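Heads up, the thing below is written out as structure tokens.
The values are calculated or read from the model by the stated rules, or taken from the named source; none is laboratory data. Bear in mind the structure is a predicted one, so any value in this text is a computation, not a measurement. Here Cβ is always computed from backbone atoms with ideal geometry, including for glycine, and neighbour counts include all displayed protein chains. Side chains are part of the model used for accessible areas, which takes the heavy atoms of the whole protein and leaves out ligands, DNA and RNA. Shrake-Rupley method; radii C 1.70, N 1.55, O 1.52, S 1.80 Å.
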Amino acid sequence: MVVILLGPPGVGKGTQAVRLAEELYAAHVSTGDLLRTARREGTELGKKAQEYMDGGELVPDDVILALVREHLAGIAPETDVLFDGFPRTTVQATGLRTVLTEVGREVDGVVLLEAPDEALVKRLSGRRSCPDCGAVYNVYSNPAGVEDTCDRCGGSLVHRADDAPDTVSRRLEVYREQTAPLVSYYESDPAPLARVRADRSVDEVYGDFRTAVEGVR
Ligand code: AP5
């Protein structure tokens, strides 16, 4: 099964995908996480991506497609895959189709998480992430037990540079201009697209997300 999780910045894609991937033993493929790992490791790709990410712009399609192709090659063909934050443009969506066809797979379903901008801005202003283990917290809805310290590994939590207010506004604009058109792209695709209201508790969203994914399994 290959499922795409689509939605604006801060809507909860990572939160939901990590949980479901754990439950289903699926591979969680987040291009944002892959890029942040490349940046931490100081690879050429990471250096190339930094400027785009810090400005809230999309990393070029060819870079992203090469990254995904390489990452997919390391995932066993029978493993379910949840894409989070990819594809983000119609060029990436058609590129994904090609990459999947090469390995005898296809997109089985798309889940769109939706929430109003005010909720997204608040969530991103309160997000704190652990750069060591990737755990994600929120000062409003899911604070760490000890302020600024990761409950899981003891690492020091950070506020992502691209969660600064000006960059968040740009990321929302970029989503509307370049990624939102994927909704109609996938609506005319044979694979079903399910919409889930994400301005509810993590557990409520998860219930509907899980049901939508089970529906395509
Ligand atoms: P990426 O890391 O993918 O960022 P994003 O899509 O903007 O999404 P976020 O990670 O900000 O949010 P999320 O929806 O995962 O929410 P989360 O679960 O963390 O991309 C970063 C950058 O990399 C891009 O700007 C671009 O430059 C580049 N990039 C990545 N992929 C690319 C691609 N394919 N093409 C080109 N460029 C690419 O939740 C947010 C917060 O809310 C957390 O604090 C969480 O605890 C909290 N929260 C979650 N759910 C709830 C809830 N139900 N109620 C209350 N709080 C909640």
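Structure data summary
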item	result
Conditions (1) part of a loop (DSSP other than H, G, I, E, B); (2) aliphatic (A, V, I, L, M); (3) open to solvent by 40 Å² or more (accessible area, probe 1.4 Å); number of the one not met by Leu58	(3)
Where Phe86 falls short, out of the listed (1) within 19 Å of Asp162 (Cβ to Cβ); (2) of a type in the set (A, V, I, L, M, F, W, C); (3) in a helix (DSSP H, G or I); (4) modelled with pLDDT of 95 or more	(3)
All positions within the stretch 109-123 that are in a strand (DSSP E or B) and not β-branched (Val, Ile, Thr)	Gly109, Leu112, Leu113, Glu114
Residue count for the stretch 116-127, restricted to those that are surrounded by 17 or more Cβ atoms within 10 Å (Cβ to Cβ) and not hydrophobic (A, V, I, L, M, F, W, C)	3
Residue match in the stretch 186-208 (condition: near the ligand (Cβ under 9 Å from one of its atoms), of a type in the set (A, V, I, L, M, F, W, C), open to solvent by 50 Å² or more (accessible area, probe 1.4 Å) and in contact (Cβ under 8 Å) with a residue 60 or more places away in the chain)	yes
Filter result (more than 10 Å from the ligand (Cβ to nearest atom), closer than 14 Å to Val2 by Cα and open to solvent by less than 20 Å² (accessible area, probe 1.4 Å)) within the stretch 94-115	Val99, Leu100, Gly109, Val110, Val111
Counted residues, the stretch 100-117 - those being within 15 Å of the chain's Cα centre (by Cα) and at positive phi	0
